[in-house]
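**Student:** Handing you this structure, nothing more for now.
The values are calculated or read from the model by the stated rules, or taken from the named source; none is laboratory data. Keep in mind that this is a model prediction, so the values were computed, not measured. FYI the Cβ positions are ideal-geometry reconstructions off the backbone, even for glycines, and counts take in every protein chain you see.
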Amino acid sequence: MADSILSLNPSKTLHRTQLNNPISQSASISRTRITFKPNQFRIPAIRASMARKEGEQKPSFGDTLLNNARKNQVFDSITKSLSNCLSETNLHLTVPALKSKIRGKVRDIYDSGDYIVLVTTDRQSAFDRVLASIPFKGQVLNETSLWWFERTKHIVSNAVVSAPDKNVTIAKKCSVFPVEFVARGFVTGSTDTSLWTVYNKGNRNYCGNILSDGMVKNQKLPKNILTPTTKAADHDVPVTPDEIIEKGLMTKADYLEVSEKALSLFEYGQQVASEHGLILVDTKYEFGKANDGSILLIDEVHTPDSSRYWIANSYLERFQNGLEPENVDKEFLRLWFKSHCNPYEDEVLPEAPEDLVCELAWRYIFLYETITKSKFEVQSTEEAIHDRISRNVASALSSLK
């Protein structure tokens, strides 16, 4: 347990040089021959003024994350819920209208005939496997996505029909594209497909993006890029735009439309995050095609599960001093597992320390409240979670007939 003493981040990055400007060594990034129209959103620049000034008395956003009266309010609920996480659902056995179940890494997906029922569990995934269960995580992800779905309709339509429960979204059926669109604004990450991992191995052409020499970990890219992936067995495989089209994963027209929407969503997300003191570093999107041919945003949007968030006002100072950015996502849990095992190859993983599990639950709630400016509602434990979800889903499906 001593190894898991809480801090926002490990102390040092992997880069050895300190820069006065995080984009000073980066040249332009060129794409494949597929091009896009300019987007209409202006991304606020990360300026030195956003870093904490020497001698400033006001605590940083990162300090607030760790030492927060609100944290003390919810931490007791988090601790009490450690043994009451929603790790598995079987609604096909309790709701007659549901015909089948598909178990994803985080979501349990049910077919009701006309609609899809998505239950967001508390399972925590990384490295293409489940690492732990995090109290209230499923509720946070579902409510965060719903907030973003509602606010991104001006960019792309979505598949949401209703949300009958804090952990549930009922969605339209659509033909899902077998490609995840990963949008990135920084050279960072710790997984095998992350931009820093492949860049540090010497790869300068990643998913059709030509990367210049001389960049270091956590450096801001000259412009946002997409690094699409597709599924192969149980892991993600990076693909170029040309490969996506050549393999028939998407038509060129669909790829161009979806890519443009993905970049616009990312820029809008960065803009909103900046207004709330955060940096949206990278994220992933999934899309589908409705029966009428329209593109739909599906799954989740800008959640702490699908996205990496950093604290904006300390980023430059920490970057210039070779420190990892203060983060509000699951990266610190990823790094703990990487330092204690081989999460890709070990058959049995160590159990995640309780203090890290509770800290991650708090960070998810903190991010939800910071972005949405609304108070997270801790659900009553008087009724079993599975019983509550079954009752709410059955009622919702009955009203949709």
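**Student:** What are the residue pairs meeting all of these: first residue in segment 209-237, first residue free of Cβ contacts under 8 Å to residues at least 60 places away in the same chain and closer than 29 Å to ILE311 by Cβ, second residue among the polar types (S, T, N, Q) and part of a strand (DSSP E or B), Cβ atoms under 8 Å, and 6 or more apart or on different chains?
**Tutor:** Going by the 8 Å Cβ cut-off, the qualifying pairs are LEU226/ASN209; THR227/ASN209.
**Student:** Considering only segment 327-373, state which residues are in contact with a strand residue (DSSP E or B) (Cβ under 6 Å, 6 or more places away or on another chain), under 15 Å from TRP310 (Cα atoms) and in a loop (DSSP other than H, G, I, E, B).
**Tutor:** Once the filter is applied, which keeps residues that are in contact with a strand residue (DSSP E or B) (Cβ under 6 Å, 6 or more places away or on another chain), under 15 Å from TRP310 (Cα atoms) and in a loop (DSSP other than H, G, I, E, B), segment 327-373 yields VAL328, ASP329.
So that you can scan it fast, the table gives a plain yes or no per residue for (1) modelled with pLDDT under 95; (2) crowded, with 17+ Cβ neighbours inside 10 Å; (3) of a type in the set (Phe, Trp, Tyr); (4) out of contact with any Pro (no Cβ under 6 Å at 6 or more places or on another chain):
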| position | (1), (2), (3), (4) |
| --- | --- |
| LYS201 | no, no, no, yes |
| LEU211 | no, yes, no, yes |
| GLY214 | no, no, no, yes |
| PRO222 | no, no, no, yes |
| THR229 | no, yes, no, no |
| ASP236 | yes, yes, no, yes |
| LYS261 | no, yes, no, yes |
| SER264 | no, yes, no, yes |
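**Student:** Next question, about the same structure. Residues that are assigned to a strand (DSSP E or B) and either surrounded by 13 or more Cβ atoms within 10 Å (Cβ to Cβ) or in contact with a Lys or Arg (Cβ under 8 Å, 6 or more places away or on another chain) (or both): does segment 88-101 have at least one? Break it down into steps so the answer makes sense when it comes.
**Tutor:** To start, the set of residues in segment 88-101 that are assigned to a strand (DSSP E or B) comprises 100-101.
Next, from what is left, pick out any that are either surrounded by 13 or more Cβ atoms within 10 Å (Cβ to Cβ) or in contact with a Lys or Arg (Cβ under 8 Å, 6 or more places away or on another chain) (or both): 101.
For segment 88-101, residues assigned to a strand (DSSP E or B) and either surrounded by 13 or more Cβ atoms within 10 Å (Cβ to Cβ) or in contact with a Lys or Arg (Cβ under 8 Å, 6 or more places away or on another chain) (or both): present.
**Student:** Looking at (1) within 22 Å of LYS231 (Cα to Cα); (2) in contact (Cβ under 8 Å) with a residue 40 or more places away in the chain; (3) in a loop (DSSP other than H, G, I, E, B), find the lone condition where ILE155 falls short.
**Tutor:** That leaves (1) as the condition not met.
**Student:** Here is a further query. Could you figure out which of (1) buried (at least 20 other Cβ atoms within 10 Å of the Cβ); (2) in contact (Cβ under 8 Å) with a residue 60 or more places away in the chain isn't true of ASP122?
**Tutor:** In the conditions (1) buried (at least 20 other Cβ atoms within 10 Å of the Cβ); (2) in contact (Cβ under 8 Å) with a residue 60 or more places away in the chain, ASP122 misses (2) alone.
**Student:** Now, a different point. Of all residues in segment 66-102, count the ones that are more than 26 Å from ILE311 (Cβ to Cβ), more than 25 Å from the chain's Cα centre (by Cα) and charged (D, E, K, R).
**Tutor:** Qualifying residue count, segment 66-102: 2.
**Student:** Could you pull out the residue among ILE389, ILE298 that is at pLDDT 95 or above and either touching a helix residue (DSSP H, G or I) at 6+ places or on another chain (Cβ under 8 Å) or exposed (fewer than 15 other Cβ atoms within 10 Å of the Cβ) (or both)?
**Tutor:** Just a single option satisfies the conditions, and that option is ILE389.
**Student:** Right, something else. Exactly one condition in (1) at pLDDT below 95; (2) touching a strand residue (DSSP E or B) at 6+ places or on another chain (Cβ under 6 Å) is not met by LYS284; state its number.
**Tutor:** (1)
**Student:** Looking at SER194, SER145, which is the one that is free of Cβ contacts under 8 Å to residues at least 24 places away in the same chain, of a type in the set (Gly, Ala, Ser) and surrounded by 16 or more Cβ atoms within 10 Å (Cβ to Cβ)?
**Tutor:** That would be SER194, the only listed residue that is free of Cβ contacts under 8 Å to residues at least 24 places away in the same chain, of a type in the set (Gly, Ala, Ser) and surrounded by 16 or more Cβ atoms within 10 Å (Cβ to Cβ).
**Student:** Taking segment 172-191, which residues are assigned to a strand (DSSP E or B) and buried (at least 21 other Cβ atoms within 10 Å of the Cβ)?
**Tutor:** PHE181, VAL182, ALA183, ARG184, GLY185, PHE186, VAL187
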